[in-house]
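Below is one structure, written out as structure tokens, with a few remarks after it.
The values are calculated or read from the model by the stated rules, or taken from the named source; none is laboratory data. These numbers were taken from a predicted model, which means no experiment stands behind them. No Cβ is skipped: glycine too gets one built from the backbone with ideal geometry, and neighbour counts run over all protein chains shown. Note: accessible area is taken over every heavy atom of the protein model, side chains too, but ligands, DNA and RNA are not part of it. Shrake-Rupley method; radii C 1.70, N 1.55, O 1.52, S 1.80 Å.
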Amino acid sequence: MSREAARNHETIVVGAGLAGSLTAVYLARRGFRVRVLERRGDPRAPGAKEEGRSINLGLSQRGIVALREVGLLERLAPLTVPMRGRVVHLPDGTLRFQPYGLAEDQILHSILRHDLNVALVDEAERLGVEFSWGQRVTAVDRTKPAVTTDDQAVHTADLVVGADGAFSAVRTHLGRGLRMDLHQEFLEWGYKELLIPVGDDGEPRTELRALHVWPGDEGLIVAHPNADGSLTATVFLPFEGEHGFAGLTEAGRVREFFARRFPDTLTLIPDVVEQFLAHPPASLVTVRTAPWHVTTDDGRGVVLIGDAAHAVYPFFGQGMNAAFEDCSVLNRCLATHPHDLPQALAAFEDSRRPHTDVLAELSKRNFVELRDKLRSPLFTVRKKVDLALHRLLPNAWVPLYTLIAHTTVPYGEALARARRQDRLLGGVTAALTGAALAGLTHRLQAKGR
Ligand SMILES: Cc1cc2nc3c(=O)[nH]c(=O)nc-3n(C[C@H](O)[C@H](O)[C@H](O)COP(=O)(O)OP(=O)(O)OC[C@H]3O[C@@H](n4cnc5c(N)ncnc54)[C@H](O)[C@@H]3O)c2cc1C
């Protein structure tokens, strides 16, 4: 098939999660014939919501831009809860509010994964995408390309998109016999989800319009608000140790641990012990890999997208947002190279991979920030100075968090810029500290005289 004839019209997307269903929407809008193979059942089927991962997610600028591009943002707005900043819960019961940014639109939006997924699948179907549920892909032949499902059916296509998540089967098969890099790292901490229900009066038990964080080096909780007034709290703990998941298997110890580390959760989650003991912990993984794509001589190809290409720890709230940005960038590359799929896939990987590699590092770093630094007064002061400088020089000085969450500046550029600012901030802090010390010495000397 010539490159022109291929025109990648026949497309198989593996995985109907967030990246798979959004990329199906983009491709269908470009006129591609798209079939999505998903190992799970239809998320719209009765009972599906309870079976799946129910966690809610923080949608930020990169995800918002992609959803706006495909015309879904307004439809999703009523399902979201705006979060204007973080409420930090300290062990002594004090709450400290830290705004996300200065501008009115510098907020995050909390949304249920299920609601978002269903909206994307509905939209893809409306555009003619065919979904095959309960179809697990078990093999990929990158030379055709073709995928095999667990019923032994072989599906050939011009373009195969591997959107099958962090433990991607497409990635595994793509790499066979290739010099493919694969770096996979599990965090020594895992997570469980707990529901903070609405109060007996039907009202939220705590401030709804914020992300809630209980920082700490022994454990960490992050809670996103839901549209019905409840919040979903994710408890992150070490897997091992007395105060890790391995040691917290008995009701008395669990209660004692929450009472000591996160006292206000006992009021916010009346059945915290029962919920905590109801499910096993889940793990968190970082994946970096290369290449993300392989093409054939006659212009067809396989490409990875979303977590299949770059799974990151959730501590910067960017996994889904980066996956949505992938979909948007892939769409742009296909528009720039409409008759050359290999060029389009190469341009996609070139423009994304260096930046998602940076995101992986930033997400690790934010784990340390949430765990160790958030309670530190010095850290809080530094954050305040950062925001004050942003207020003073809105375009020249932009904090890293703002660049990542509230702009679409590529991750690598955001980090480079933040490092320059950090050096300056360090200099300013050192100068101020030096001046303060000099003043103190002067006063002490004067007293001594
Ligand atoms: C605790 C936690 C909190 C998070 N919070 C946030 C947040 O606030 N903001 C944010 O941006 N991101 C967040 N993330 C990250 C986000 O969940 C992921 O980045 C996002 O789900 C990636 O989407 P995906 O479509 O690439 O993968 P997935 O959502 O994992 O979807 C992959 C799909 O492929 C299917 N599949 C897998 N294997 C096969 C196969 N062999 N054949 C067919 N189908 C298959 C799966 O069933 C699934 O439907 C969080 C993650 C976690 C774990």
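Taking the criterion of being aliphatic (A, V, I, L, M), in contact with a strand residue (DSSP E or B) (Cβ under 9 Å, 6 or more places away or on another chain) and near the ligand (Cβ under 10 Å from one of its atoms), the residues of the range 300-343 that qualify are L304, I305, A308, A309, A311, V312, M320. Is it true that A322 is in a loop (DSSP other than H, G, I, E, B) and more than 19 Å from I12 (Cα to Cα)? When the stated conditions are applied, A322 does not pass them. Among the residues here, G244 does not qualify as at pLDDT below 95, outside any strand (DSSP E or B) and open to solvent by less than 10 Å² (accessible area, probe 1.4 Å).
Residues checked against (1) touching a Cys at 6+ places or on another chain (Cβ under 8 Å); (2) part of a loop (DSSP other than H, G, I, E, B); (3) open to solvent by less than 40 Å² (accessible area, probe 1.4 Å):
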site	(1), (2), (3)
P280	no, yes, no
V285	no, no, yes
T289	no, no, yes
G299	no, yes, yes
V302	no, no, yes
A309	no, no, yes
V312	no, yes, yes
F315	no, no, yes
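One residue alone among D181, D201 is open to solvent by 30 Å² or more (accessible area, probe 1.4 Å), touching a residue at least 60 places away in the same chain (Cβ under 8 Å) and not basic (K, R), and that residue is D181. For the range 369-410, the tally of residues that are touching a residue at least 24 places away in the same chain (Cβ under 8 Å) and farther than 30 Å from E218 by Cβ stands at 9. On inspection, Q61 qualifies as within 26 Å of F379 (Cβ to Cβ), at pLDDT 90 or above and not charged (D, E, K, R). Among the residues of the range 87-114, those identified as crowded, with 17+ Cβ neighbours inside 10 Å and either on the phi > 0 side of the Ramachandran plot or at pLDDT 90 or above (or both) are V87, V88, H89, I107, L108, H109, S110, I111, L112, R113, H114. Scanning the range 332-343 turns up no residue that is touching a residue at least 40 places away in the same chain (Cβ under 8 Å), open to solvent by 20 Å² or more (accessible area, probe 1.4 Å) and among the polar types (S, T, N, Q).
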